[in-house]
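Enquirer: Quick one: this structure, given as structure tokens, is what I'll be asking you about.
The values are calculated or read from the model by the stated rules, or taken from the named source; none is laboratory data. Here the structure is a predicted model, which means the values were calculated and not measured. No Cβ is skipped: glycine too gets one built from the backbone with ideal geometry, and neighbour counts run over all protein chains shown.
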Amino acid sequence: MPIVVDRIVLNPQYGSNCYVLRAADGAAEAAIVDPGGEPGPLREALNRMGAAAGGILITHCDVDHVTGVAGLAAGTGAEVWAPAGEADALRRGETRGGMQVDAHEPEHVVEGGERLTVAGIDFEVVAVPGHSAGHVAFCVEDMVFSGDLLFAGSVGRVDFPGGDWEALLDSIRGLIERFGPDAVVHPGHGGPTTLGRELETNPFLGELRRPASA
């Protein structure tokens with residue numbers, strides 16, 4: 001099923017991406033990934049698209065990815081899927097580094113291995129720790145919504161609590177092995193890329209390019 005993906009930067013301070021996914025057949029609902037800023041502009045965009053928020057998916061619970069979750073959920077009635085290992089931060093309204101957001105109780109928690117349908121779109125949830133301990137990616141068809149695991153030409157930082165460099169590399173390796181080089185990465189910051197392009201050119205992934213015997 002063809003999927004339309006719109007990228008909206010809701011939080012200019014951090015440049016974090018929010019994604020709106022809709023079935024290309026004019027579906028009335030959209031799946032929202034990482035609404036990290038005030039939800040007003042997102043709701044206006046949905047109105048222009050003629051779509052309602054059918055569900056909210058969170059890759060990880062850092063402030064620049066969850067700031068708009070509570071407000072969007074309250075304003076639209078959309079249910080929230082949050083990483084199990086980080087959902088308590090959303091419940092408390094306190095993210096890493098002591099940053100405050102509006103608290104929200106997610107209707108669902110995921111930890112990787114789940115398959116779920118939101119707004120008529122089938123997602124696979126993959127655990128991708130490294131940037132944070134409970135980080136997940138949401139994968140649909142040949143697309144990976146990677147949050148802050150992997151960017152075009154860079155990777156997520158690991159110097160916050162729960163960050164782990166080796167885990168991050170293992171998570172990226174696992175995505176490449178599972179989805180192949182042509183899979184399109186929609187990252188938490190910046191423009192899209194592919195797993196193959198990052199494996200070949202990303203300066204942070206040199207360890208993944210070395211032969212196993214090296």
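Enquirer: Anything in segment 169-179 that is in contact (Cβ under 8 Å) with a residue 24 or more places away in the chain and either surrounded by fewer than 19 Cβ atoms within 10 Å (Cβ to Cβ) or of a type in the set (V, I, T) (or both)? List them, or say none.
Expert: L169, D170, I172, R173, G174, I176, R178
Enquirer: Here's something else I'd like to know. Among the listed residues L150, L116, identify the single one that is within 13 Å of the chain's Cα centre (by Cα), within 19 Å of V5 (Cα to Cα) and modelled with pLDDT of 95 or more.
Expert: None of the other options fit; the residue is L150.
Enquirer: Being touching an Asp or Glu at 6+ places or on another chain (Cβ under 6 Å) and under 17 Å from D64 (Cβ atoms) is true for just one of G147, G163, G134, G190. Which residue is that?
Expert: G134
Enquirer: Shifting gears a bit: Return the pair list, or none, for Cβ contacts closer than 6 Å from residues in segment 31-43 that are on the phi > 0 side of the Ramachandran plot to residues that are crowded, with 24+ Cβ neighbours inside 10 Å, at least 6 apart or on different chains.
Expert: Note: pairs meeting the criteria are D34/C18; D34/T59; D34/H65.
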